[in-house]
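Take a look at the structure set out below.
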Amino acid sequence: MSLSLTSAVGLAPGAYALTTRRRTHTKRRTLKTRTTARRAEERRAESAGAGAADKPRIAVGVRHSMRVTRLRDLVEISPDLWAPSDPDSDDHDEHDVDERTAEELRADGAAQVKIFKELLVASQHFRLFGHKNLRDGCAVQFLMGSPRMEGLDDVARVTRNVCDVLVADETVDVRLVPESGMMMAEIVFPLPKVDAQIAARAANGMTRRLLEHERVTQLVRLLEHCIVHESVVCLMEKGSDDRSTFHGELRLNKYFTGMYVRPPDLLHRGTCTSSSPTDGALEASKQMVHRLWDGDVHADVELMDEVRTRVESLFCAGKGRMVIHPSGTDAETMPLLQAVLESRHLARTGLTTASFAGRPKQFSDDPTRGNVVSLVACAGEVGSGTTEAAMGRFFSKSVPLGGNHVAMGQELPALHELADMDAVELVARGGPDALDGGARLDYDELIFAAARKALAADPACVVVLHTVAGSKTGLRLPSPVVADTLKREFGNRIVSVLDACQMRHHPELIPRWLDEQGPVLMTSSKFFGGPSFGSGVFFPHEAVDRMNVHLDAEAPKTLAVLAEACASYLTHHDIGDVLPRLHDAMPPGFCNVGVLLRWAAGLHEMETLRLETENAGGLVRVEEHVRDWVHAMRLAATQFAPHLEYVPATDYEGDWQLGGVNTIVAVRLKSDTDGPYLSTPELKKVYALMTADISEFLAPESTMAERRVASQRCLTGQPVDIPGGSVLRTVLGAAQLKDLVSGKQNLEQMLEDDKVLLSKLALIARQYDYLLSHTL
């Protein structure tokens, strides 16, 4: 048997309970799927009487049709034109249904079809298609998919998945049949035997009509439950970039995470990279989407504003406002926008000033053009695509909104007409004076030099300075003195950004930064473990006021350019009332439903951690748990040499880290004890193997204990390429911390799990060459 990365994905556990049933019954589903099907129109006898003439009917011989309406990120499929059947005109109404036996009721498929169609027409989760009479019953064909599906492909996916799930249910004969070039769901009536509970109700006096209605209602509710689940997962995948491209039956992205519930047997220690939702988080997303479906025309506005308010309440302490973003990387757009507006303001107001006569030559044709230089700190250890995003360029091949495919590095539409945008990457590690395991000693001087050089070259230049509060390996760079000094020296010509996307800091950091410095980049999908991705930018109130003044000074044409540049990432709902003129310039339309639902899931994790913190007696006690885990885990990581080597971490004083410790534990791996460390491409293969049960692929001499370790599915952080050798990471996330704080799991129990993860890493490293022979 060969082992490949594809098989590693296939070996990962199902993302929710019903998925396992789907895999188990794949063969059965195949047998049940019909290869042919004929179309049959429901032919009704013309009803007599004036009352019946007013009832809408589908004309005999008229093919049912579906009208698709697309409005930006929304495609709604109009309901079928079937009207609910009239009980008084049904052929079977000449009999007294209440007097018929249970056996006669089960045999009467037409009565069940009548109820079924009425319920489907009343529901927003079904699209009726056809009805055909069979020799021994009736069949109804339909599609399944909730509101806000993006098109027929999504509806077909939901229909297929629901049928796959229910094929294992012996009480429901639901199958897929080909019809008009696509697969339809079909249920044949009458339904199978009545279960004992409903039969008992019939014996206790329930009328046949009520019994029949209850049976069909239960069927429809079962279908709706599955449809909502599949539709929510489908919607949560939307509105992101190409990192959120999902594949296979389990719908996993390149990080081996998705929108189905995190499998209970997966040891998740990868919140520094990506996460699937927990049960509670997915339920929060379902509750949010029901409010969206059931709301009025203002539901998009109200729900996105609610998300913004809840997040601001959790983190800002009244110090700032939030613009919602799909990911931490595209969130770079907003500080860049702030800098563009500030630079253009400087250029306009400086036209009469002698010092502005010395602007670089590229601005001679348009002296009001802005000039922005972004200093990307910890380059290579922050989000992928940060440099491109900081330069106003696309960083992925697809964008969250509009469905457009773009080129990596392509400029955002028209934005570069307003300003020059450049970026300087400043790598943290390496160099002759590098600290062991940390940053180079002269890093602050590099930042100072780059900032002052850019500002001296053009009096209208604005520098976007990034201070990283926790890189992929937990570094905090540059030192706080850099932002303090440059902000004091250059004022508004420095947009001092805190990259807090890992969210592994003390709660006081964000309010302090907003009060003293500038905007903050944050996420719900790193430490807090919300589904990937959800992000936002916090702006200090003073910065919001200043940006709005600059927006008021810009011409309508400039506002249109800014809106066009933002429209690939943002809707006007994401901006809200923070920047009114930009909000009004954005294209009309619906909210980014994927972002809304992912944020609902992330907020569940954030708010439940806050609740557990309060129940535990406050933050001091929580930080004790953090330090206990970190110190124990660092010690454990030193015990798996020579194939696994712990990389010492850097801790920082103050509010830069929760508990004052780095919650990211980095390790290097070796397959040969005398050889080099595994490279980043090799560690990516290890990362994939960690997610799978590889016990059957170990070397023949492997012990049973090793096979038990190899069977444990684990999710770590992705590899990071740093000088001295690439590392893999295992981390403390909010879900683990809640378990420790609540007492659901004590430290000793958690460490046993963590040691299994470390053992599996060392085992894979030791047998790497053997595993590689299985065509990795």
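The values are calculated or read from the model by the stated rules, or taken from the named source; none is laboratory data. This one's a predicted model, so the numbers in the text were calculated from it and none came from an experiment. Virtual Cβ from ideal backbone geometry, glycine too; neighbours counted across all protein chains shown. For accessibility, only protein heavy atoms count, side chains too; no ligands or nucleic acids. Shrake-Rupley method; radii C 1.70, N 1.55, O 1.52, S 1.80 Å.
General remarks:
- For R160, solvent-accessible area (1.4 Å; no DNA, RNA or ligand), Å²: 110
- Cα centroid of segment 225-282 to Cα centroid of segment 581-659, whole Å: 18
- With a simple spin-label model that places each label point 7 Å from the Cα along the Cα-to-Cβ direction, the separation between T650 and R291 comes to 4.1 nm.
- Sequence of S742, S364, S275 when ordered by accessible area, the most exposed leading, probe 1.4 angstrom: S364, S742, S275
- Other residues whose C-beta falls under 9 angstrom from the C-beta of S726 contribute a net charge of -1, scoring Lys and Arg +1 and Asp and Glu -1.
- Label-reachable residues, segment 475-501, where backbone N falls under 17 Å from a point 7 Å from A553's Cα toward its Cβ: 491-495
- Label-zone membership for segment 546-574, site A414, 7 angstrom Cα→C-beta point, backbone N under 18 Å: 551-572
- Sequentially through segment 698-715, phi angles give Karplus couplings (6.51, -1.76, 1.60; θ = phi - 60°) of 5, 4, x, 7, 4, 7, 5, 4, 5, 5, 5, 4, 5, 7, 6, 7, 9, 10 Hz, Gly and Pro residues having no value and appearing as x.
- Spacing of the modelled spin labels on E701 and S679, each 7 Å from Cα toward Cβ, amounts to 2.8 nm.
- Chain lengthening between D584 and L772 when straightened (0.36 nm per residue, less Cα-Cα): 62.1 nm
- Solvent accessible area, Å² - D242, 1.4 Å probe, full protein context: 50
- Counting lysine pairs in segment 626-776 whose alpha carbons fall under 22 angstrom apart, excluding pairs fewer than 8 residues apart on the same chain, gives 10.
- Where a label projected 7 Å from the Cα of A110 along Cα→Cβ would reach, residues of segment 132-148 with amide N under 20 Å: 132-141
- In loop segments of segment 613-680 as defined by DSSP, the GluC sites (Glu not before Pro) with at most 12 further C-beta atoms inside 10 Å of their C-beta are E653.
- Shown here for segment 439-524: GluC sites (Glu not before Pro) in loop regions (DSSP other than H, G, I, E, B) with at most 15 other Cβ atoms within 10 Å, namely E508.
- In sequence order, calculated HN-Hα J values of segment 505-515 (Karplus, 6.51, -1.76, 1.60; Hz; x Gly/Pro): 10, 6, x, 6, 5, 4, x, 5, 5, 4, 6
- Sparsely packed GluC sites (Glu not before Pro) within segment 700-776, loop by DSSP, other Cβ within 10 Å at most 10: E701
- FRET efficiency, 1/(1 + (r/R0)^6) with R0 22 Å, evaluated for S313 and E542 via beta carbons: 0.65
- Annotation: D136 carries an accessible surface of approximately 120 Å², with a 1.4 Å probe and no ligand, DNA or RNA atoms counted.
- Computed 3J(HN,Hα) for segment 594-606, one whole-Hz value per residue from the Karplus formula 6.51 cos²θ - 1.76 cosθ + 1.60 where θ = phi - 60°, is x, 5, 4, 6, 5, 5, 4, 5, x, 5, 4, 5, 5, glycine and proline marked x.
- Extension gain for the segment N615 to L134, taken as residue separation times 0.36 nm less the Cα-Cα distance, is 167.0 nm to one decimal.
- Placing a pseudo-label 7 Å from each Cα along the Cα-to-Cβ vector at D577 and E624 gives an inter-label distance of 4.3 nm.
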